[in-house]
Amino acid sequence: MRRLAAPHYDARVRILGVAVCVLVGCGGGNAADDADAPTDQVDDASDDSDDDPPLPDAPVDAPAMWSSTPDCTATDIYATPTLPPLTPDQRGAIVGCTLGTRLDPAAVQTAMSDDGAEGVVAQTGAQTIKLAYRTVRSDGTATVSTATAYLPLEPRALPAPVVLVGRSTSGLADSCALSRDEVPGANYILPFAARGFIVISPDFAGLGNDGAHAYLDNHEAAAQLFDAHRALEKLLPAGTVGASVGAVGYSQGGGVVLSAQGLEQELTGARTLKGIVAIAPEWPISSRSFGYEDVLRNPDRITALAGLAPPTVTVLRHYGFLANRVGEAEAGASFPASERDDLIDQINSLCTIPLGGALNAMQRHLRDLVDPAFRDQVLACIDGTPGCAGLGQEFHAWMESDYVTADPTGARVLIVQGLADQVMTAAGEAACDVAKLRAEGVEPQLCVDTIATHDSVLERRIEDVVAWIEAIATDQPAPTCGSQALPACDR
């Protein structure tokens with residue numbers, strides 16, 4: 001497997017990194033079930049064995065000193081205190097933070113290798129920070145998101161460039177928040193810190209803390225992703241945090257960063273992102289995304305035969321919308337009355353993989369997942385027939401309004417997809433995303449792995465993703481990887 005060549009660090013940055021190594025502290029976290037954590041171990045016989053050329057010297061163009069540790073003393077970032085009204089300048093304000101595990105370069109390499117990212121060579125250690133910051137829901141309501149940040153002990157430049165990372169689906173139960181892991185995302189978040197970037201990955205509001213996560217809300221997730229950068233600026237000394245140059249997302253996070261590409265100018269007033277990478281993306285772009293219409297139109301189908309994603313995605317999406325837009329008392333209103341209590345309990349206690357198993361075992365048919373009246377209302381809205389009313393109409397109106405148009409003048413896009421993916425299939429999702437991007441004036445670069453599954457695509461391609469972000473961030477030619485051919489969109 002190809003390993004990334006070492007970048008050349010400026011000596012001044014190397015010296016400043018030593019100061020951080022002396023000053024940072026240690027802490028810990030709780031492991032949580034990661035729904036999309038890779039499990040397959042597949043060797044890529046087709047990988048290019050040529051070493052990447054070394055990166056050019058990273059410039060140091062600011063006098064700020066990377067030598068102070070954030071004053072993080074919170075004992076529970078998931079408990080939200082009473083806060084004053086949110087003003088625009090308070091977006092990203094730190095509610096609380098705690099120092100997590102400090103990893104020297106060897107420990108970073110071990111953590112990445114143990115999680116399938118051994119192709120990325122660690123060039124620095126990292127300090128883990130768990131934090132909570134102020135942000136907004138998609139309707140403008142003030143809220144708080146928790147997140148994990150990795151601060152490189154030896155940044156590649158000062159101000160240190162930032163990579164924003166959209167996490168994969170983990171469920172809606174508080175215990176499923178990725179930041180509860182001791183070393184979250186060792187195979188797709190930590191690798192960027194290992195190469196000298198500051199990296200931050202939000203849990204998104206309501207996952208782990210107060211409220212409910214608005215699952216697959218494009219606008220909300222993009223806003224909270226950009227507010228994570230604002231949180232870094234408020235967390236660290238002035239002049240040390242550079243621009244967000246890259247955004248990378250896996251599965252649900254892939255959809256988040258594709259939305260961020262289209263919304264960056266609207267949400268931030270600027271375009272600093274140079275490249276975004278969507279890995280096996282779950283991007284809501286139509287009522288047919290993730291088999292949603294199929295779930296509604298085939299109530300008698302056995303749940304276990306409806307695919308790996310559609311049943312779980314459907315119940316999480318309905319619950320998240322109703323909890324946030326109608327009220328938590330109505331969060332289960334889209335579920336059949338006979339199954340409502342069980343489904344609410346499953347959603348609030350199980351992470352994605354066990355939730356999918358529970359749905360297959362306890363809600364045996366798709367009709368057990370969706371209330372008949374709600375189903376008929378949504379389908380009437382989709383079909384333009386009488387009956388489009390009630391909560392179904394509210395959900396459909398939100399779903400249609402939440403699709404994001406790509407920005408032809410925004411960040412470059414790389415789509416990474418495995419052809420053996422049975423969760424976010426190449427023909428059913430990635431190919432349709434690519435068709436939408438092209439129709440809206442964005443020509444994405446493709447990295448298609450002919451044998452990668454949803455689980456194995458990270459371990460097979462994360463080093464290519466890191467190399468691509470490094471090249472784009474330093475205005476170098478973008479490397480290629482895998483095949484550049486996807487099947488046609490089949491929906």
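A few remarks follow.
- The stretch 293-310: number of residues that are surrounded by fewer than 19 Cβ atoms within 10 Å (Cβ to Cβ) and not in a loop (DSSP other than H, G, I, E, B): 6
- Boolean, Glu459 is farther than 17 Å from Gly253 by Cβ and among the acidic types (Asp, Glu): no
- Among the residues of the stretch 120-135, the ones that are closer than 30 Å to Pro85 by Cβ and of a type outside the set (D, E, K, R) come to 5 in all.
- Of the listed requirements (1) assigned to a helix (DSSP H, G or I); (2) of a type outside the set (A, V, I, L, M); (3) surrounded by 21 or more Cβ atoms within 10 Å (Cβ to Cβ), Lys436 misses just one: (3).
- Conditions (1) in a loop (DSSP other than H, G, I, E, B); (2) over 12 Å from the mean Cα position of the chain (by Cα); (3) over 21 Å from Ile77 (Cα atoms); (4) not hydrophobic (A, V, I, L, M, F, W, C); number of the one not met by Asp210: (3)
- Looking only at the stretch 391-410, and only at residues there that are among the β-branched types (Val, Ile, Thr) and more than 16 Å from Tyr215 (Cα to Cα), the one that is surrounded by the most Cβ atoms within 10 Å (Cβ to Cβ): Thr405
- Hey, Val326 in contact (Cβ under 8 Å) with a residue 24 or more places away in the chain, β-branched (Val, Ile, Thr) and closer than 30 Å to Ile415 by Cβ or not: no
- Check on Gly125, within 22 Å of Leu267 (Cβ to Cβ), in contact with a helix residue (DSSP H, G or I) (Cβ under 8 Å, 6 or more places away or on another chain), buried (at least 24 other Cβ atoms within 10 Å of the Cβ) and in contact (Cβ under 8 Å) with a residue 24 or more places away in the chain: no
- Cβ pairs under 6 Å, 6+ apart, first in the stretch 86-114 and under 22 Å from Leu232 (Cα atoms), second of a type in the set (Asp, Glu): Arg91/Asp227; Gly92/Asp227; Thr101/Glu182
- Qualifying position, being in the same structural domain as Pro88 (by TED's automatic domain parsing) and in a loop (DSSP other than H, G, I, E, B), among Pro184, Pro191: Pro184
- So Thr268, is it in the same structural domain as Val165 (by TED's automatic domain parsing), more than 17 Å from the chain's Cα centre (by Cα), surrounded by 18 or more Cβ atoms within 10 Å (Cβ to Cβ) and within 30 Å of Cys447 (Cα to Cα): yes
- Among residues of the stretch 346-387, those that are under 26 Å from Ile285 (Cβ atoms), assigned to a loop (DSSP other than H, G, I, E, B) and touching a residue at least 60 places away in the same chain (Cβ under 8 Å), counted: 3
- Test: residue in the stretch 311-324 that is outside any helix (DSSP H, G or I) and surrounded by 19 or more Cβ atoms within 10 Å (Cβ to Cβ): no
- Filtered by the rule that a residue be touching a residue at least 24 places away in the same chain (Cβ under 8 Å) and under 30 Å from Gly327 (Cα atoms), the stretch 401-422 gives Asp402, Tyr403, Val404, Thr405.
- Residues that are over 19 Å from Ala214 (Cβ atoms) and surrounded by fewer than 24 Cβ atoms within 10 Å (Cβ to Cβ), drawn from the stretch 243-263: Ala243, Val245
- Among residues of the stretch 445-472 that are closer than 21 Å to Thr169 by Cα, those with a Cβ under 7 angstrom from a residue that is outside any helix (DSSP H, G or I) and of a type in the set (Phe, Trp, Tyr), sequence gap 6+ or separate chain, pair up as Leu458/Tyr188; Leu458/Tyr250; Ile462/Tyr188.
The values are calculated or read from the model by the stated rules, or taken from the named source; none is laboratory data. All values derive from a computational prediction rather than experimental measurement. Reconstructed Cβ throughout: ideal geometry from the backbone, glycine too, with neighbour counts over all protein chains shown.
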